[in-house]
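Read through the structure below, which is laid out as structure tokens, and then see the notes.
The values are calculated or read from the model by the stated rules, or taken from the named source; none is laboratory data. Since the model is a prediction, treat every value here as computed from it, not as a measurement. Positions of Cβ are backbone-derived with ideal geometry, glycine not excepted, and every protein chain shown enters the neighbour counts. Surface areas here come from the heavy atoms of the whole protein model, side chains and all, with no ligands, DNA or RNA. Shrake-Rupley method; radii C 1.70, N 1.55, O 1.52, S 1.80 Å.
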Amino acid sequence: MLEEHLKQYFKFDSFRPGQSEVIQSIVDKHDTLAIMPTGGGKSLCYQLPALINNSLTLVVSPLIALMKDQVDALQARDIPAAFINSSLDGRDIREIEQDVRDRSIQILYVAPERFKSQQFCRLLSEIDIGLFAVDEAHCISEWGHDFRPDYRAMAKQIDFLRKRPIVAAFTATATPEVNNDIVKRLQLREPHIYVRGFNRPNLHFFAREGLKDQERINEVLRLVKSMQGSGIVYALRKKETEEIAAFLSENGIKAVAYHAGLDKNLRTRIQQEFMNDQHKVICATIAFGMGVDKADVRFVIHAGMPKTLEGYYQEAGRAGRDGEKAYCILLHAGKDNSLHHFFINNSMTQMREQGKSQSEIQSVVNVKYEQLRAMQNYVQSNSCRRKAILEYFGDPAVKDFDKGCKSCDICLHHKWSSESKEKAIVDKALDKSPDKKGEMSGTIMETVKLYQANQTIEEIAKIRSISERTVFGHLLEWYIAGGDFAVDEFITKDEEKQVFEAMARAGDLSKLTPIKEQLPEDFEWEKIKIVVGKVKRIRI
Ligand code: ADP
Ligand code: MG
């Protein structure tokens with residue numbers, strides 16, 4: 001039944017994962033929150049109900065640049081749609097408003113700031129809206145990445161409508177804080193919530209941990225050389241985008257840097273050139289992406305670990321929107337973590353300066369640490385990447401990958417070429433690495449050898465006549481230098497979380513005592529050391 005409508009209006013053969021459930025929910029007149037990834041097909045989830053229900057649908061979207069494309073695409077299908085935003089002059093706007101009154105428009109797109117216009121609010125008071133669709137709904141939340149105060153004003157307007165429409169919200173952001181905020185701020189009534197479509201079968205996921213700076217750049221070059229088509233290399237800082245672009249260019253790859261520090265016209269030009277395949281690689285900060293709709297991006301390489309997994313997936317998800325095979329590769333280097341800790345520390349200082357209360361600061365920082373931890377877990381994990389992503393987002397499709405996905409580095413048993421990570425670790429442990437000279441002493445390596453021979457801490461302590469605490473200390477040092485000490489056997493996720501929260505409260509990560517003071521009295525030092533070790537490990 002829904003399929004027939006899909007064919008009739010859009011000429012598509014089948015729904016993407018999750019679309020039919022979301023559409024059915026809206027057609028059945030439930031308030032709905034749909035969380036689907038970029039490229040998952042969210043627009044259709046409000047466009048099709050708009051046509052089936054045959055009443056006016058108002059779509060709020062912050063992306064003026066994309067509004068016109070969407071409306072053009074609908075009009076090309078003979079669907080009466082229009083948009084009102086600041087790109088139109090007063091006369092055009094009045095004309096469209098009249099069409100809305102005459103019911104000759106079925107889908108009307110507006111930007112959120114429209115709700116500040118008295119003229120527009122008057123129009124709203126005169127008409128009935130069947131469906132109120134809020135696209136990019138995370139913009140309503142300060143927890144999200146692009147908070148827009150205008151979204152708050154808009155939420156209040158729903159109350160003033162003469163008949164309450166069905167309210168449906170759409171986002172690719174899956175953090176619980178953001179989603180709770182959307183439900184609360186939009187005052188969704190008993191919403192049906194769907195997390196769907198996060199599995200992108202054509203994307204292949206690879207992640208590599210703990211590279212050094214130069215190793216990482218070399219690896220980017222090696223990967224880019226081996227890839228067909230064009231792609232994006234994301235870096236955390238503007239300077240790095242330029243360094244990587246220069247390095248790739250020197251090595252014969254057509255590459256260009258893109259970041260918010262560049263002139264607006266230049267950015268538009270670069271974007272256009274990339275769309276036209278004039279560059280093989282765009283080296284960008286996250287400033288590049290929103291509103292870029294190049295379907296045949298063949299690879300997205302991260303030369304820098306993002307601060308959240310949803311940020312990562314949003315960016316990585318720009319690969320392969322045409323459904324053809326594409327690669328998402330995350331190259332993590334030691335410095336990424338300290339950079340994020342530095343950012344979090346900065347944000348604490350900033351919040352203090354803004355006069356935020358300690359408890360407010362704490363809850364924000366806790367969330368940030370939690371997000372960072374999820375991102376690190378993804379990088380460090382030895383199990384299926386796809387499963388980890390689906391689990392994180394809470395997509396029920398995760399159950400299809402109990403036995404792995406056959407398309408990530410873990411499931412493919414991928415061996416990274418060039419200098420292997422294992423070799424780097426061994427070098428470091430054996431004290432070959434020049435910058436770490438003298439750090440890993442012979443006595444530590446004695447302990448490590450026994451540990452590698454599967455002796456327990458207790459046994460090692462007996463064999464070596466040293467205390468268990470010392471053995472633990474040795475293994476932790478080895479771990480910090482990159483060794484495979486299974487620290488997670490000694491701490492639960494919940495305890496780890498407690499320590500991270502204590503770190504946030506303590507503010508000072510250089511000493512253990514302030515952290516210990518924030519924890520229950522009987523909380524073991526060893527567990528604090530493990531968490532601090534995890535942070536340090538990634539700083540090396
Ligand atoms: P999102 O807003 O979730 O990022 P879009 O709504 O922009 O994604 O959809 C991405 C692309 O997928 C669009 O070009 C759209 O026309 C296409 N699309 C959506 N649903 C389907 C479908 N069922 N079959 C084929 N193409 C689809
Ligand atoms: Mg969209």
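Compared with the alpha-carbon gap, the fully stretched path from LYS497 to GLU273 is longer by 76.1 nm at 0.36 nm per residue. How far apart, in nm, are two points set 7 Å out from the Cα along the Cα-to-Cβ line at GLN380 and at ARG103? Output for this residue pair reads 6.1 nm.
Using alpha-carbon pairs under 8 Å, 6+ residues apart, how would you state the relative contact order of the chain in percent?
Details: 835 pairs, mean separation 65.6, N = 540.
About 12 percent, as a whole number.
Annotation: for a label point projected 7 angstrom from Cα along Cα→Cβ of LYS163, residues of the range 24-39 with backbone N closer than 17 Å are 27-31.
Between the range 477-495 and the range 373-410, the alpha-carbon centres lie 20 Å apart.
Label-to-label distance, GLU126 versus ASP402, with points set 7 angstrom from Cα along the beta-carbon direction: 6.0 nm.
Relative to the longest principal axis of the Cα atoms of the chain, the long axis of helix 238-250 lies at roughly 80 degrees.
Listed by chain and number, the aspartates and glutamates placed with their C-alpha closer than 14 angstrom to that of LYS42 are GLU21, ASP135, GLU136; residues fewer than eight positions away on the same chain are left out. Considering only beta bridges that DSSP places wholly inside the chain, some 0 percent are antiparallel.
Using DSSP to call loops (not H, G, I, E or B), can you name the chymotrypsin sites (Phe, Trp or Tyr not before Pro) in the range 1-55 whose Cβ has at most 15 other Cβ atoms within 10 angstrom?
Numbers: sites: TYR9, PHE10, PHE12, PHE15, TYR46; in loops: PHE12, PHE15.
Those satisfying the criteria are PHE12.
Separation of the range 269-284 and the range 303-372, taken as the distance between their Cα centroids, equals 25 angstrom. Report the longest stretch of the chain that contains none of the GluC sites (Glu not before Pro) sitting in a DSSP loop with at most 16 other Cβ atoms within 10 Å. Within the chain, the longest run free of exposed GluC sites (Glu not before Pro) spans 143-323.
Against the main long axis of the alpha-carbon atoms of the chain, helix 42-53 sits at an angle near 30°.
So for the range 203-401, averaging the separation of alpha carbon pairs under 8 Å that are six or more residues apart and normalising by length, what relative contact order in percent results?
Here the relative contact order equals 26 percent.
The calculated FRET efficiency for the pair ASN202 and ASN345, based on their C-beta separation and a Förster distance of 35 Å, comes to about 0.35. For LYS163, the lysines whose Cα falls under 19 Å of its own Cα, not counting residues fewer than eight places away in the same chain, are LYS29. For the Cα atoms of the chain, what angle does the longest principal axis make with the long axis of helix 213-226, in degrees from 0 to 90, nearest 10? On a 0 to 90 degree scale, this one is about 50. When exposed loop sites are taken as trypsin sites (Lys or Arg not before Pro) in a DSSP loop with at most 10 other Cβ atoms within 10 Å, the longest stretch of the chain clear of them is 164-402.
What accessible area per residue comes out for the range 38-109, rounded to a whole number of Å², with a 1.4 Å probe? Numbers along the way, then the final one.
Details: 3010 Å² over 72 residues.
Here the per-residue accessible area is 42 Å².
Distance between the pseudo-spin-label points of THR443 and GLN75 (7 Å out from Cα toward the beta carbon): 7.9 nm.
With a 1.4 Å probe and every protein chain kept in, tell me what percent of the accessible surface of the chain is carbon plus sulfur. Show your work: numbers first, answer last.
On the way: 12360 of 25230 Å².
Summing carbon and sulfur atoms, their accessible area is 49 percent of the total for the chain.
Give, rounded to the nearest 20 debye, the magnitude of the charge dipole that the chain has about its Cα centre when Lys and Arg contribute +1 at Cβ and Asp and Glu contribute -1 at Cβ.
Details: 77 positive and 77 negative charges, 124 e Å.
Dipole of the chain, to the nearest 20 debye: 600 debye.
Restricting attention to the range 442-539, lysine pairs at least eight places apart or on different chains and with alpha-carbon atoms under 24 angstrom apart total 28. Ignoring lysines fewer than eight residues from LYS184 along the same chain, the ones with Cα atoms less than 16 angstrom from its Cα are LYS156.
Which FRET efficiency value, to the nearest 0.05, do you get for GLU468 and PHE147 by plugging their Cβ-Cβ distance into 1/(1 + (r/R0)^6) with R0 = 56 Å? E(calc), rounded to 0.05, equals 0.70.
I need the calculated FRET efficiency for the pair ASP13 and ALA246, taking r as the beta carbon distance and R₀ as 35 Å, to the nearest 0.05. Working shown, then result.
Details: r = 46 Å, r/R0 = 1.31.
The computed FRET efficiency comes out at 0.15.
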